[in-house]
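The values are calculated or read from the model by the stated rules, or taken from the named source; none is laboratory data. All values reported here derive from a predicted model rather than from experimental measurement. Note that each Cβ is placed from the backbone with ideal geometry, even for glycine, and that neighbours are counted across all protein chains shown. SASA here: full protein model, heavy atoms, side chains in, ligands and nucleic acids out. Shrake-Rupley method; radii C 1.70, N 1.55, O 1.52, S 1.80 Å.
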Amino acid sequence: LATTLAGPGPFTVFAPENSGFAALPPTTITALKLPENKAVLARILSYHVIQGALDFPTLKAQIAAGGGTARLTTVAGVPLTVQVFPLQAGGETLVLTGANGNKAYVTAADIKQSNGVFHVINGVLSPDGPAAQ
């Protein structure tokens with residue numbers, strides 16, 4: 001992922017919180033750390049990166065233009081969907097749905113970086129299969 005992010009940006013990164021990784025089954029974490037699964041881990045991480053800087057207002061505009069859902073193509077080449085999610089305390093956030101149906105919510109938006117924008121999410125998304133559920 002470092003190689004991707006060092007390339008020509010800007011990028012939007014949906015960065016999982018530590019608790020998102022902690023929610024994965026321990027066997028999944030162990031398996032992803034094995035050298036033979038380096039490509040699998042790289043695919044999962046690149047599934048959290050979008051080419052272009054998409055801040056919260058831009059994402060909301062794309063969601064509105066898409067009739068309530070925006071479909072974003074990740075650096076992994078697999079789309080994920082984004083929708084606005086109302087918060088009980090008022091306001092709203094974004095919910096991302098991975099290719100296998102798992103969801104993650106934005107907990108901190110619009111963290112500007114020199115190569116784009118980061119949004120912190122509360123889960124790990126999977127481009128395929130149940131590996132990162």
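For Asn102, the residues whose amide H sits under 5 Å from its own are Ser126, ignoring neighbours fewer than 5 places away on the same chain, with H placed 1.01 Å from N. Neighbours of Ala108 by Cβ distance under 15 Å: Lys/Arg scored +1, Asp/Glu scored -1, total -3. With θ taken as phi - 60° and the Karplus curve 6.51 cos²θ - 1.76 cosθ + 1.60 applied, the whole-hertz 3J(HN,Hα) list for the range 116-125 is x, 9, 10, 10, 7, 10, 8, x, 9, 8 Hz, x standing for glycine and proline. Between Arg71 and Asn37, the modelled labels are 3.0 nm apart [label points 7 Å from Cα along Cα→Cβ]. The amide H of Ala108, built 1.01 Å from its N in the peptide plane, has Val120 as neighbours under 5 Å, considering only residues 5 or more places off or on other chains. Modelled label positions at Val78 and Asn115, each set 7 Å beyond Cα in the direction of Cβ, lie 2.2 nm from each other. Positive contributions from Lys and Arg (+1) and negative ones from Asp and Glu (-1), summed over other residues with Cβ under 13 Å from the Cβ of Val84, come out at 0.
Spacing of the modelled spin labels on Leu5 and Asp55, each 7 Å from Cα toward Cβ, amounts to 2.0 nm.
Full extension of the chain between Ala64 and Ser19 yields a length gain of 13.2 nm, computed as 0.36 nm times the residue separation minus the alpha carbon distance.
Residues whose amide H lies under 5 Å from that of Gly116, counting only those 5 or more places away or on a different chain, are Phe11; hydrogens are built 1.01 Å from N in the peptide plane. Round to a whole number: what % of the accessible area of the chain belongs to carbon and sulfur, probe 1.4 Å? Of the solvent-accessible surface of the chain, carbon and sulfur hold 60 percent.
Over the chain, with the other protein chains present, what is the accessible area per residue in square angstrom, probe 1.4 angstrom?
On the way: 6860 Å² over 133 residues.
I get 52 Å² per residue for this part.
Charge dipole of the chain (Cα centre as origin; +1 on each Lys and Arg Cβ, -1 on each Asp and Glu Cβ, all else neutral): 140 debye, rounded to the nearest 20.
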